[in-house]
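To start, the structure itself, in structure tokens.
The values are calculated or read from the model by the stated rules, or taken from the named source; none is laboratory data. Predicted, not measured: the structure shown is a model, and the values here were computed from it. Cβ: placed from backbone, ideal geometry, glycine included. Neighbour counts: every protein chain shown.
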Amino acid sequence: MNSLVSFATALSDPLRLRILCLLKEHKVEFGVLREILAVSENDLARHVKLLIDSGLLKATKTGTQAKIKHKHASLLDKIFTHFKISPKTEAQLGEDRNKLLQIQDKKRLKTGTKVAAKRAAKRK
């Protein structure tokens, strides 16, 4: 019964629901998530830890970067579908998703520029 209480507690906060909604579709670095949600590192860490402890999220660390992803996509889909929660119906979730996509686009452009520069240097 403790796991059900932990699960219900994890879903009881709007910020944690925003986190779950973002991670339902994307694997996101901790720093990017913090930037999108505009919360302190300590607050985000507390919320993410609660979601990990409840079994809804998984964190992997590579070097200094921590990436966070969901563990139960089908369960989250059912919950969000049942309660009609989506970026289309919730303005804040749509804004969060747009911020994430903008950040990802900037990173792709930056990475693409570096790759193009390396290729050009090899040709010379």
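Selection of first residues in region 23-36 that are closer than 18 Å to residue 62 by Cα and of second residues that are hydroxyl-bearing (Ser, Thr, Tyr), restricted to Cβ pairs under 8 Å at least 6 apart or on distinct chains, gives the following pairs, ordered by first then second residue: 34/40. The residue of region 55-80 that is farthest from the chain's Cα centre (by Cα), among those that are of a type in the set (Lys, Arg) and more than 16 Å from residue 6 (Cβ to Cβ), is 78. Taking the listed residues 99, 107, the one that is at pLDDT below 90, part of a helix (DSSP H, G or I) and out of contact with any Ser or Thr (no Cβ under 7 Å at 6 or more places or on another chain) is 107, with no other qualifying.
If you filter region 10-26 down to residues that are in a helix (DSSP H, G or I), of a type outside the set (A, V, I, L, M) and closer than 16 Å to residue 43 by Cα, you find that the one that is farthest from the chain's Cα centre (by Cα) is 14. Taken over region 27-38, the residue count meeting the criterion of being part of a loop (DSSP other than H, G, I, E, B) and either over 8 Å from the mean Cα position of the chain (by Cα) or surrounded by 18 or more Cβ atoms within 10 Å (Cβ to Cβ) (or both) is 1.
Within region 45-71, restricting attention to residues that are assigned to a strand (DSSP E or B) and of a type outside the set (A, V, I, L, M, F, W, C), the residue that is surrounded by the most Cβ atoms within 10 Å (Cβ to Cβ) is 70.
Six or more apart or on different chains, Cβ atoms under 6 Å: show the pairs whose first residue is in region 85-104 and basic (Lys, Arg) and whose second is surrounded by 14 or more Cβ atoms within 10 Å (Cβ to Cβ). Filtered contacts from region 85-104: 97/87; 99/36. Among the residues of region 59-84, the ones that are under 17 Å from residue 36 (Cβ atoms) and aliphatic (A, V, I, L, M) come to 3 in all. In the set 81, 89, 62, 9, which member is among the β-branched types (Val, Ile, Thr) and under 24 Å from residue 107 (Cβ atoms)? None of the others qualify; the one that does is 62. Among the criteria (1) part of a helix (DSSP H, G or I); (2) surrounded by 14 or more Cβ atoms within 10 Å (Cβ to Cβ), the one residue 42 does not fulfil is (2).
Please find, within region 72-96, the residue that is modelled with the lowest pLDDT out of those that are in a loop (DSSP other than H, G, I, E, B) and basic (Lys, Arg). That would be 88.
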